[in-house]
Amino acid sequence: MADKRLRILVAKPGLDGHDRGAKIIARALRDGGFEVIYTGLHQTPEMIAEAAVQEDADAVGLSVLSGAHMTLFPEVMRLLKERGAGEIAVFGGGIIPDDDAVKLKQMGVRQIFTPGASTEDIVKWVRENVTPRT
Amino acid sequence: MSKKKKWLETTYRQASERPVRFSTVSDMELEPLYTPDDVTGSYDEAIGNPGEFPFTRGVYGSMYRGRFWTMRQFAGFGLAEDTNARFHFLLGQGQDGLSTAFDMPTLMGYDADHERALGEVGREGVSVSTVYDMATLFDRIPLDRVTTSMTVNCSASILLAMYLVVAERNGIPWDNVGGTIQNDMLKEYIAQKEWICPPRPALRIVTDMIEFCARKVPRWHPVSISGYHIREAGSTAVQELAFTIADGICYVDEAIKRGIGVDEFADRLSFFWNLHNDFLEEIAKLRAARRMWARIMKDRFGAMNPKSMMLRTHAQTAGASLTAQQPMNNVVRVAIQALAGVLGGVQSLHTNSMDETLALPTEQAVMIALRTQQVIAEETGVTNTIDPFGGSYAVEALTDRMEREANDYIRRIDEMGGMVKAIETGYPQREIAEAAFHFQRQLEQGIKTVVGVNKYSVPEEIPIATLKIDAAIEERQIQRVRKVKRERNSVAVREALARVAEACRSGENLMEPICEAVRRDATVGEVSDIFRAEFGVYKDPGWI
């Protein structure tokens, strides 16, 4: 199992163009030893679910700063399930108020990182919580 | 040996020094002391008096002794009537200019009823799809007396057309309409990442707007050349300065190529800078920017009118510097950043609200932000004398150094063939991502401190109230847009859109055809669709 590097899809759903965080996380995850695919901006939930399946991702990290997280996160999860890839771990971050983070976790989002989270914490979380899909 | 060197080797060496890196937030290392030895250039040539070339000390002769800066809080959320109410609240609180935040679909050229708008309608700004939304947004606001700023870029031509049509319907001639539209597409590819088509056609639309405003809407600022977003994306202060001025050079080049004389439009260009935490660096940046622009306009473009050489600017405190942790601390950050802006001589200012890392601001939080400006203006006394930091050895030395370093970047961009080429190769984008990553690493290594985040954190945060946007407004706005589409004369709309498409192809100025299209109820999304069809759609290269 040590020979398979985890593949993480870092994705920017929706119309929001704030990619500073997503790019920093992508780079930190890559430096942390994971294989990282960054989708670029302005992805629809369909595009992200499709890319996750195509790229055989073990986890999908979503970055949303536009306030549309309560729509976009569940939609990505639904579309992953629809493609039989519901076991892909979905985590994310952005401008997400605490009550929304709680709700998202209840919906099955594995973790939400909010402003101020360190890249180290995120890398560590992925290492400890994401397992390769078989 | 200079006196300073001698001092460094004797008195300073014997004194103690904390074991830290003495560098700005942009990681520019500073010397322990600046003295007259560090300031080069004569007073008249490099600094000069306010209102005179090279405008280092300010663009106006009397600066804030004449009038304060315009206090202009950026606002927008929900439906047009929600934002209109916030506008009236702000004007009632002593604010003197309006600034409109649109939602993501509007900013990206989609109507509220488009599938890509799902979940985003009215979230991050106000939703405007039709000219009727625009009319509601500015209801009971005298468009000939209040200046309005609109933050919108790739769909700016359409939103400006709607604003002008609303003015027209209120009986206000375009000559009397004053304001600013951001419309700085180059920085979109560099930093903010809102676009429809690729850079070259986008630049053509911007140039159409510069030309159109110079001839038809003389009090309007057709581009606000923006460093703000470059900095928010993680650039250093010098990169912000360099890339922004380089963007400005590109717009001036394009307008001149169009055959417009530099002095016919240059006094209508304005700027928009970020105000970050590093107090001295920010004051120096604003002073350096004014001097650079004055020299560039005079020497590079041969401007004759001093007004063409004046860098007039809006500024906003740095959103990215605010923390979700202990959010009340943000009030302090904003105050210090705003003070730097005032000491840097800005013409217009937005102060962020303390809760903006969590949501759009509440009315209470916006009021504190506005009061911060009023305290600076009317209590601190910094407005009594012009450019009080002028002549500070440190500030003058930093001003010189930032100008020099920014000019190095501009030279590199010139060598690449200009800003569009540089953008196409990803040069500024990568430089910014690199700087953002560098800062993040310094933060995590404790080289840089963010109070309440990597130092002085508390185990239990005290939650503050935040603004909630009612999810039901999306459906209401969708119904509203659909109603307009159902009830309008669709043949007239189709004809008008075909005229826009024809102008896209022929190279005729797009603004009149777009004005006609919105008069006939064409929507933001429909005109944007013409751009998509005629110019193609730009895709993010996704450089990490």
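Label-to-label distance for residue A:105 and residue B:307 is 5.9 nm, based on points extended 7 Å past Cα in the beta-carbon direction. The stretch B:471-502 and the stretch A:26-68 have Cα centres spaced 34 Å apart. Counting Cβ atoms of other protein chains within 10 Å of each Cβ in B:121-127 and taking the mean gives 3.
Applying a DSSP loop filter and a limit of 12 other Cβ atoms within 10 Å to the chymotrypsin sites (Phe, Trp or Tyr not before Pro) in the stretch B:424-456 leaves B:456. Net length available on complete extension from residue B:533 to residue B:494 is 12.6 nm, with 0.36 nm assigned per residue and the Cα-Cα distance removed. Sparsely packed loop sites in the stretch B:332-381 (the GluC sites (Glu not before Pro) outside DSSP H, G, I, E and B with at most 15 other Cβ atoms within 10 Å) comprise B:379. Among the listed pairs A:4/A:124; A:23/A:81; B:193/B:485; B:4/B:448, those with a Cα-Cα distance over 20 Å are A:23/A:81; B:193/B:485; B:4/B:448.
Amide H to amide H distances under 5 Å link residue A:113 with A:92, A:93, A:94, where only residues 5 or more positions off or on other chains count and H is placed in the peptide plane. Across the stretch B:446-473, the residues whose backbone nitrogen lies under 17 Å from the label position 7 Å along the beta-carbon direction of residue B:328 are B:451-453, B:456-466.
Couplings for the stretch B:483-500, taken from phi via the Karplus curve 6.51 cos²θ - 1.76 cosθ + 1.60 with θ = phi - 60°, read 5, 4, 5, 6, 8, 7, 7, 6, 5, 4, 5, 4, 4, 5, 5, 5, 5, 5 Hz in order; Gly and Pro are left as x. Between residue B:5 and residue B:457, full extension at 0.36 nm per residue minus the direct alpha carbon distance yields a gain of 158.7 nm. Evaluated at q = 0.13 Å⁻¹, the base-10 log of the normalised Debye intensity for the stretch A:7-127, with identical point scatterers placed on the Cα atoms, takes the values -0.42. Gain on full extension, evaluated as 0.36 nm per residue between residue B:378 and residue B:91 minus their Cα-Cα distance, stands at 101.5 nm. Loop-located GluC sites (Glu not before Pro) in the stretch B:459-509 (DSSP state not H, G, I, E or B) with no more than 16 neighbouring Cβ atoms inside 10 Å: B:460, B:461, B:508.
A simple rule links phi to the HN-Hα coupling: the Karplus curve 6.51 cos²θ - 1.76 cosθ + 1.60 with θ = phi - 60°, which for the stretch B:216-232 gives 10, 10, x, 8, 8, 9, x, 9, 10, 6, 10, x, 3, 6, 4, 5, 4 Hz, with x for Gly and Pro.
Read the figures in this text as sums done on the coordinates, not as results from a lab. Remember, predicted model here, so these are calculated numbers, not experimental data. A quick note on method: Cβ atoms are made from the backbone with ideal geometry, for glycine too, and the neighbour counts reach across all protein chains shown.
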